[in-house]
Amino acid sequence: QVQLVETGGGLVQPGGSLRLSCEASGNIFSLNGMGWYRQAPGKQRELVARFTTGGLTNYADSVKGRFTISRDNAKNTVFLQMNNLEPEDTAVYYCNLHTITRNIWGRGTQVTVSS
């Protein structure tokens, strides 16, 4: 059984940066298929960035050029570096593992961008 644990959320001022981490534990063979989603109050959960099952990266248009997804295979950890944060980035950020056989979510970490 795979568990995903997110860390790194918090309060940051507009223009600031945060780095989220998602550590996967359990029966995991690859970080392909892992990614980040977010859900703001009153809105649907949306994709932020992910590794496809083929190992490529996808980004939401709203974060391209500001956010970067990366990974450390040895530590089973995926990161989301968020720069130039905007108030519209405020949301709960969730880590997700989605493959043909699995769709697993972490509990989420709150990111608040406010002055």
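Every test in (1) crowded, with 17+ Cβ neighbours inside 10 Å; (2) among the aromatic types (Phe, Trp, Tyr); (3) modelled with pLDDT under 95 is passed by Phe29 save one, and that test is (1). Residues that are open to solvent by less than 30 Å² (accessible area, probe 1.4 Å) and not acidic (Asp, Glu) within the range 1-17 comprise Val2, Leu4, Gly10, Val12, Gly16, listed in sequence order. Among residues that are open to solvent by less than 20 Å² (accessible area, probe 1.4 Å), at pLDDT 95 or above and of a type outside the set (Ser, Thr, Tyr), Ala49 is included.
In the range 22-39, the residues that are farther than 14 Å from Arg71 by Cα and without any contact (Cβ under 8 Å) to a residue 12 or more places away in the chain never reach a residue that is part of a strand (DSSP E or B) and open to solvent by 60 Å² or more (accessible area, probe 1.4 Å) with C-beta atoms less than 6 angstrom apart, at least six apart or across chains.
Which ones in the range 47-70 are free of Cβ contacts under 8 Å to residues at least 12 places away in the same chain, at negative phi and not in a strand (DSSP E or B)? Selection gives Leu56, Asp61, Lys64. When the range 80-115 is filtered for residues that are part of a strand (DSSP E or B), touching a residue at least 24 places away in the same chain (Cβ under 8 Å) and not aliphatic (A, V, I, L, M), the ones remaining, listed by number, are Gln81, Tyr93, Tyr94, Cys95, Asn96, His98, Trp105, Thr109, Gln110, Thr112. Search the range 54-78 for residues being open to solvent by less than 30 Å² (accessible area, probe 1.4 Å) and either among the aromatic types (Phe, Trp, Tyr) or modelled with pLDDT under 95 (or both), and hand back the single one that is farthest from His98 (Cα to Cα). That would be Phe67. Just a yes or no: is a residue in the range 103-111 in contact with a Leu (Cβ under 6 Å, 6 or more places away or on another chain) and farther than 21 Å from Val5 by Cα? No, the range 103-111 contains no residue that is in contact with a Leu (Cβ under 6 Å, 6 or more places away or on another chain) and farther than 21 Å from Val5 by Cα. Taking the range 1-44 as the region of interest, the strands (runs of 3 or more DSSP E) fully inside it that hold 2 or more residues being among the charged types (D, E, K, R) are 18-25.
The values are calculated or read from the model by the stated rules, or taken from the named source; none is laboratory data. Remember, it's a predicted structure, so these values are computed and weren't measured experimentally. A quick note on method: Cβ atoms are made from the backbone with ideal geometry, for glycine too, and the neighbour counts reach across all protein chains shown. All accessible areas refer to the heavy atoms of the entire protein, side chains included, with ligands and DNA or RNA removed. Shrake-Rupley method; radii C 1.70, N 1.55, O 1.52, S 1.80 Å.
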